[in-house]
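Q: Quick one: the structure is below, and I'll ask about it shortly.
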There are 2 protein chains.
Amino acid sequence: MPVERFSENPLIRPSDVAPSRPDFEVACAFNCGAIRVGEEVVLLLRVAERPKAVPADRVVAPIFDDEVGGRLKLLSVRRDDPDFRAIDSRLFTYQGRTYLTSISHLRLARSRDGRRFAIEPKPALEAATPDEAFGVEDPRISFIDGRYWVNYTAVSDRGISTALAVTDDFHTFERRGLIFAPENRDVTVFPAKIGGRYAALHRPAPSVLGGRDIWLAYSPDLMHWGDHRLVCRRRAGQWDALRIGGGAVPVRTEAGWLAIYHGADASERYCLGALLLDLQDPSKVLARSAAPLMAPEAAEERQGFFGNVVFTAGAVTDGDELIIYYGASDEYMCAARVGIREVLDGLGPA
Amino acid sequence: MPVERFSENPLIRPSDVAPSRPDFEVACAFNCGAIRVGEEVVLLLRVAERPKAVPADRVVAPIFDDEVGGRLKLLSVRRDDPDFRAIDSRLFTYQGRTYLTSISHLRLARSRDGRRFAIEPKPALEAATPDEAFGVEDPRISFIDGRYWVNYTAVSDRGISTALAVTDDFHTFERRGLIFAPENRDVTVFPAKIGGRYAALHRPAPSVLGGRDIWLAYSPDLMHWGDHRLVCRRRAGQWDALRIGGGAVPVRTEAGWLAIYHGADASERYCLGALLLDLQDPSKVLARSAAPLMAPEAAEERQGFFGNVVFTAGAVTDGDELIIYYGASDEYMCAARVGIREVLDGLGPA
């Protein structure tokens, strides 16, 4: 599959992003939502920050705290505390509860050429409710009925859920609350109504039966979702065996809705693939990538905050091509272009 | 708390229920939805069946199979198979997948006195879709806009989700699809609109952060749900420490919505308690049972298919009293009466 990575990759590094406060550093700038606005490509970056100068024998979780007037609380734990347990670079548990080592906000970046981005100095949207106490992550942007609808992952000790906000200018956001209850992320809202209703892919994470598969839901108003239908499942032994989830907002083609999705294999390697969904009934998969469209190959895709990851939350079209903006190793922002026709021609059976 | 158990308990035993096919036996008749219809109390029982005459060295999972014309497939596994692992009386895994040892359907039972029930000989609603392949469970009945809305747990290897059906006569049911994606159960739909929208308690089961807590959602049409809000959480060290979930459909009182819920403690003992929710904003808990309203005490509540369980999915009012229909030990159907005023007076802080 002739996916052409941008020669400028990574387009955005953490060091390109100003921290939101002087005592924080930007650890990661990745997993952006993306959309064309006039002559520009607009990204909403996920920016993960952590306190600077944490002693090597400690780990700190930054937590939004409604009870102290909406400021961040810093939970500092000694690594040799018997109640501390490291999970990976992103997570730890303390006294039986799970915490994050960083807190994410959304940051606006704009570009005329889609390659060189001007990054705003302040957050566009940051944790502001108890459901967002551990941060806001992985936005997707859908342009619907003349407004920009941004859904994002709201993370807290209540669970990982999906929230909705709407904006006209990417500076002022109106929060609309949680649209998918825990655990649910990787929500992509289709840019048009289907059969009279809005539609979205979503990715529940059940604990007893089932697994991290892709589902579809419908909505009369973008706020209330139901009529859930399974779209597709993980495939044992393949590149998308462990978990899958929607990526970029689906693109309408004559053949069907083209949805770029991510899949992780048993070794937690994240690749990108594509689904072709029926135009009238997008719960029907018409075709699917047998091999990954993109696998972690470049240096920044293989090594970083959480290595061996390519992950997308946004793509834009450029004529007959798709420009996929993707996070690399949960740390950098990269892009690649691919012909839509070539993606479709490369798909295998559903 | 003066809860008075019916002297006739258990009101319904598995042996009172005719199996749906000659080669099956009824293992459990429990966790009914309940509602008054005219002069009658109507129950939708959860009836769990399994094949008769399974050899002691085997375990069988009955599975609805869409691909063989909607008949049941019987997955028979030797207990000494290296790929077999017993979990508890309800569940096992085979080749890494989880299965149920029985399959549930919903069965109608009617009574004039609320104590002696005539049980229909055939299922009212049984597994009929891939989302229901492992059965339909734990119905709740809400009378809204002149119709009976039945939500129930749809179980399959896709996950544990909540489905909606509507009926006028409890014989013909119109399926409306899944209203809550996996994992979600213990859904109770309020019997009236609140602030112009329908409302429901629900119980997600996230896998990474959060836990089995009670949430609220709103809907414009009973089919699409959103604006999710956390209602209340488990309480460490108490009778509702491990998991909680909505029980009977909430009852409107002058003080607020009275919702009977279940809680399990660390030893998997299931008790019933009560929540008082704000009439205008039912995500606000005004008061809550400090001690259980009911704990497993009677013989049938302590010993059975899954012992030490009292669990409700339905209650009806009788003047100033509430008659709680509850499953005992996941095997029997029982009832108890309690004064609504006395429940309210016995509540502790939220």
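The values are calculated or read from the model by the stated rules, or taken from the named source; none is laboratory data. This is a predicted model, so every value here is computed, not measured. Counting neighbours? That spans all protein chains shown, and the Cβs are built from the backbone with ideal geometry, glycine included. Surface accessibility is based on the protein's heavy atoms, side chains included, excluding ligands, DNA and RNA. Shrake-Rupley method; radii C 1.70, N 1.55, O 1.52, S 1.80 Å.
Q: Just to make sure I understand: if all protein chains stay in place, what is the order of A:Y218, B:Y99 by accessible area at 1.4 Å, largest first?
A: Descending accessible area places them as B:Y99, A:Y218.
Q: Further question on the same structure: Counting only other chains, and only Cβ atoms inside 10 Å, what mean value do you get across the residues of B:153-165?
A: Shielding by partners across B:153-165 averages 4.
Q: Using each residue's phi in the stretch A:277-294, evaluate 6.51 cos²θ - 1.76 cosθ + 1.60 at θ = phi - 60° and report the 3J(HN,Hα) Karplus result to the nearest Hz, with x for Gly and Pro.
A: So the Karplus estimates, Gly and Pro as x, are 10, 4, 4, 8, 10, x, 7, 8, 8, 8, 7, 7, 4, 6, 9, x, 5, 9 Hz.
Q: Using a 1.4 Å probe on protein heavy atoms only, how many Å² of accessible area do B and A hide from each other, summed over both chains and rounded to 100?
A: Roughly 3100 Å².
Q: Positive end of the dipole of chain B, charges at C-beta (+1 Lys, Arg; -1 Asp, Glu), about the Cα centre: which of B:L279, B:N9, B:A336 has its Cα farthest in that direction?
A: Positive-most Cα among the choices belongs to B:L279.
Q: If one puts a single equal scatterer on every Cα of the stretch A:1-91 and applies the Debye formula without solvent, what log₁₀ I(q)/I(0) results at q = 0.20 Å⁻¹?
A: Each listed q corresponds, in turn, to -1.12.
Q: In percent, what relative contact order does the stretch B:135-258 have, based on Cα pairs under 8 Å that are 6 or more apart in sequence?
A: 18
Q: Let me ask something else about it. Could you provide, to the nearest whole Å², the per residue accessible area of chain B with probe 1.4 Å?
A: 37
Q: With every protein chain left in place and a probe of 1.4 Å, what is the accessible surface of B:V17, to the nearest 10 Å²?
A: 10
Q: First check a/c for the stretch B:262-339, with a ≥ b ≥ c the square roots of the eigenvalues of its C-alpha gyration tensor; if it is under 1.5, answer rounded, and if not, answer prolate when a/b is larger than b/c or oblate otherwise.
A: It is oblate, given that a/c is not under 1.5 and a/b is not larger than b/c.
Q: When Rg is the radius of gyration of the Cα atoms in chain A and Rh is its Kirkwood radius, what does Rg/Rh come to?
A: My calculation puts Rg/Rh at 0.95.
Q: Counting only protein heavy atoms, what percent of the accessible surface of the protein assembly as shown is carbon or sulfur at a 1.4 Å probe?
A: 45
Q: Average partner chain C-beta neighbours within 10 Å, per residue of B:87-98?
A: Mean shielding count: 1.
Q: Next question. For the pair B:D113 and A:D320, how long in nm is the line joining their label points, each one 7 Å along Cα→Cβ?
A: Each label point is offset 7 Å from its Cα along the Cβ direction, giving 8.1 nm.
Q: Distances from A:L279 to the same residue in each other copy, label points 7 Å out along Cα→Cβ, in nm, shortest first?
A: Spacings between copies for this position, smallest first, are 5.3 nm.
Q: With the label 7 angstrom out along Cα to Cβ, how close does B:R147 come to the same site in each of the other copies, in nm, nearest first?
A: Copy-to-copy label distances for B:R147: 3.0 nm.
Q: Still on this structure: For the stretch A:61-142, what class follows from the C-alpha gyration tensor (a ≥ b ≥ c being the square roots of its eigenvalues): rounded when a/c is under 1.5, otherwise prolate if a/b is larger than b/c, else oblate?
A: The shape class here is prolate.
Q: Provide the FRET efficiency to the nearest 0.05 for the B:E268-B:Y94 pair, computing r from the beta carbons and using R0 = 30 Å.
A: Result of the calculation: an efficiency of 0.85.
Q: Over chain A, what is the relative contact order in whole percent, taking alpha-carbon pairs under 8 Å and six or more residues apart?
A: 16
Q: Starting from the 7 Å offset along Cα-to-Cβ, what nm value, one decimal, do you get for the label separation of A:E8 and B:D157?
A: Distance between label points: 4.8 nm.
Q: Aspartates and glutamates near A:K52 by alpha-carbon distance under 15 Å, same-chain residues fewer than 8 away left out - which ones?
A: A:D23, A:E25
Q: Right, here's the next one. What does the copy distance list look like for B:E67, label position 7 Å along Cα→Cβ, in nm and ordered from shortest?
A: Nearest first, the other copies' label points are 5.3 nm away.
Q: Just read off the accessible area of B:R71 with the full protein assembly in place, 1.4 Å probe, to the nearest 10 Å².
A: 150
Q: Charges on Cβ only, +1 for Lys and Arg, -1 for Asp and Glu, centred on the Cα centroid of chain B; of B:I160, B:Y198, B:A295, which one is farthest towards the dipole's positive end?
A: Selected residue: B:I160.
Q: Within 10 Å of each candidate Cβ there may be at most 14 other Cβ atoms; applying that plus a DSSP loop requirement, which GluC sites (Glu not before Pro) in the stretch B:1-83 survive?
A: B:E8, B:E39
Q: Moving to a separate point now. When the accessible area of each residue in the stretch B:175-203 is compared between its chain alone and the complete protein assembly (1.4 Å probe; ligands, DNA and RNA ignored), which residues differ by at least 30 Å², being lower in the assembly?
A: B:L178, B:A181, B:P182, B:E183
Q: Taking the simple approach of a point 7 Å from Cα along Cα-to-Cβ for both A:R235 and B:K122, what is their distance in nm?
A: With each label point 7 Å from Cα toward Cβ, the separation is 4.3 nm.
Q: Moving on. For the stretch A:1-157, just say rounded, prolate or oblate: build the C-alpha gyration tensor, square-root its eigenvalues into a ≥ b ≥ c, call rounded for a/c under 1.5, and beyond that prolate if a/b exceeds b/c, oblate if not.
A: prolate
Q: Normalised by the residues of the stretch B:1-141, what does the relative contact order come to in percent, with Cα pairs under 8 Å and at least six apart?
A: Worked out over the stretch B:1-141, it gives 27 percent.
Q: Continuing with the same structure: Extent of the protein assembly as shown along each principal axis, from alpha carbon coordinates, in Å, largest to smallest?
A: Computed over the protein assembly as shown, the largest-to-smallest principal extents equal 78, 56, 50 Å.
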